[in-house]
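Participant: Quick one: the structure is below, and I'll ask about it shortly.
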Amino acid sequence: MTKFAIAIHGGAGTILRTSMTPEKELDYKQGLQNALFAGETILKKGGTSFDAVEAAIRSLEDNPLFNAGKGAVFTNEGKHEMDASIMNGKDLMAGAVAGVQNIKNPISLARSVMEKSEHVFLAGAGANEFAEKVNAEFMPDDYFFVQLRYDQLQQAVQSDTIVLDHTLPNDKKFGTVGAVALDVHGNLAAGTSTGGMTNKKHGRVGDTPIIGAGTYANNRTCAISCTGHGEFFIRSVVAYDISCLMEYKGLSLKDACNLVVKDKLVKLGGEGGLIALDRQGNIELPFNSEGMYRASLKEGEKMFIGIYND
């Protein structure tokens with residue numbers, strides 16, 4: 001039996017102590033802890049890494065502090081378009097959705113695409129039609145209304161900019177949530193969910209729902225969930241690149257993560273980070289931004305929660 005492990009993230013970017021109140025920091029840490037425990041509860045009982053990843057991300061989607069599900073940011077049209085993907089390292093099965101609206105938990109819809117359709121990736125109206133067929137949980141527009149998110153949209157519209165989920169003017173926070181897990185059976189899984197960019201143009205899709213870019217899991221190597229400026233992560237095929245460096249070049253998880261996040265991405269101008277877990281239970285949480293909401297837990301070890309770059 002393998003020792004289980006799980007890691008989660010709630011976004012990366014310009015996250016500074018100077019712009020965080022003690023109360024808000026506590027709220028973020030509590031949100032991360034709740035999500036971690038949601039996944040750990042399943043893993044402790046011998047459940048699958050796949051179920052644990054979904055449970056952890058659903059917890060983050062239900063928390064308005066994070067840019068996914070309930071806390072999703074507003075598009076240019078004042079709507080919410082959400083993306084998500086999930087992948088099983090055991091058999092490389094995956095499911096993804098992009099541009100879905102009024103879906104309470106996009107990560108669960110992504111799972112349904114994998115399990116209840118012959119496809120991997122559904123987008124827009126087609127994904128929403130599929131959601132109705134599988135009885136996914138829909139919520140009204142007002143469920144997704146968060147005043148902070150609306151204020152961010154107004155500011156972005158006035159300056160005619162597309163904003164990467166931020167907390168203060170000129171600050172950037174790449175709002176995505178994700179989880180990776182290793183279960184006692186030795187299987188890896190990964191998932192990612194996001195509301196995208198504030199004031200994004202209709203139809204814009206980032207790396208989150210793209211298998212190999214924002215999410216990847218393979219029992220032979222690792223499980224990865226990314227957060228950052230999606231366009232750069234797509235162009236760099238970040239999640240798959242780390243797996244390839246391990247499988248074909250024999251790099252360790254740590255070395256592969258550092259090469260991609262601290263070197264390759266930086267040279268392109270890409271900002272963000274990721275969470276990574278290999279089949280031995282090694283966890284890496286690298287990022288090249290000021291901070292990243294992150295947490296991890298290994299069976300029999302103390303939980304870790306971090307926000308800042310220190």
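The values are calculated or read from the model by the stated rules, or taken from the named source; none is laboratory data. This one's a predicted model, so the numbers in the text were calculated from it and none came from an experiment. For neighbour counting, all protein chains shown are included, and Cβ atoms are generated from backbone atoms with ideal geometry for every residue, glycine included.
Participant: With respect to residue 91, is the statement that it is surrounded by fewer than 20 Cβ atoms within 10 Å (Cβ to Cβ) and either within 18 Å of residue 226 (Cα to Cα) or among the acidic types (Asp, Glu) (or both) true?
Facilitator: It is true that residue 91 is surrounded by fewer than 20 Cβ atoms within 10 Å (Cβ to Cβ) and either within 18 Å of residue 226 (Cα to Cα) or among the acidic types (Asp, Glu) (or both).
Participant: Between 50, 37, 74, which is aromatic (Phe, Trp, Tyr) and in a loop (DSSP other than H, G, I, E, B)?
Facilitator: 74
Participant: Something else about it: If we scan the stretch 74-92, do we find a residue that is within 27 Å of residue 297 (Cα to Cα) and β-branched (Val, Ile, Thr)?
Facilitator: So far as the stretch 74-92 goes, yes, one or more of its residues are within 27 Å of residue 297 (Cα to Cα) and β-branched (Val, Ile, Thr).
Participant: Any residue in the stretch 1-18 that is closer than 16 Å to residue 41 by Cα sitting within a Cβ distance under 7 Å of a residue that is acidic (Asp, Glu)? List the pairs, counting only those 6 or more apart or interchain.
Facilitator: Pairs that qualify, where the first residue is closer than 16 Å to residue 41 by Cα and the partner is acidic (Asp, Glu), are 3/299; 4/183; 4/299; 5/299; 6/40.
Participant: Which of the residues belonging to the stretch 106-123 are crowded, with 24+ Cβ neighbours inside 10 Å and outside any helix (DSSP H, G or I)?
Facilitator: Within the stretch 106-123, 122 is the sole residue that qualifies.
Participant: Are there any helices (runs of 4 or more DSSP H) wholly within the stretch 232-310 with 3 or more residues that are farther than 22 Å from residue 88 by Cβ and of a type outside the set (A, V, I, L, M, F, W, C), and if so which?
Facilitator: Fully inside the stretch 232-310 and qualifying: 253-258.
Participant: Of the numbered conditions (1) within 18 Å of residue 184 (Cα to Cα); (2) among the polar types (S, T, N, Q); (3) touching a Lys or Arg at 6+ places or on another chain (Cβ under 7 Å), residue 14 fails exactly one; give the number of that condition.
Facilitator: Result: residue 14 fails condition (1) only.
Participant: If a residue must be at pLDDT 90 or above and buried (at least 18 other Cβ atoms within 10 Å of the Cβ), how many such residues does the stretch 1-36 contain?
Facilitator: Summing the residues that are at pLDDT 90 or above and buried (at least 18 other Cβ atoms within 10 Å of the Cβ) in the stretch 1-36 gives 13.
Participant: Starting from the stretch 86-100, keep only residues that are touching a residue at least 60 places away in the same chain (Cβ under 8 Å), then list their pairs with residues that are among the polar types (S, T, N, Q) and in a loop (DSSP other than H, G, I, E, B) whose Cβ atoms are within a distance under 7 Å, requiring at least 6 positions of separation or different chains.
Facilitator: Close Cβ pairs (under 7 Å, with a partner that is among the polar types (S, T, N, Q) and in a loop (DSSP other than H, G, I, E, B)) amount to 89/187; 89/218; 89/219; 90/187; 90/219; 92/218.
Participant: Considering only residues that are in a helix (DSSP H, G or I) and within 22 Å of residue 77 (Cβ to Cβ), which ones fall in the stretch 131-150?
Facilitator: 131, 132, 141, 142, 143, 144, 147, 148, 149, 150
Participant: Right, here's the next one. Report, by residue number, each residue of the stretch 101-115 that is of a type in the set (Gly, Ala, Ser) and in contact with a strand residue (DSSP E or B) (Cβ under 6 Å, 6 or more places away or on another chain).
Facilitator: Within the stretch 101-115, 110 is the sole residue that qualifies.
Participant: Of the residues in the stretch 193-231, how many are part of a strand (DSSP E or B) and closer than 14 Å to residue 99 by Cα?
Facilitator: 3
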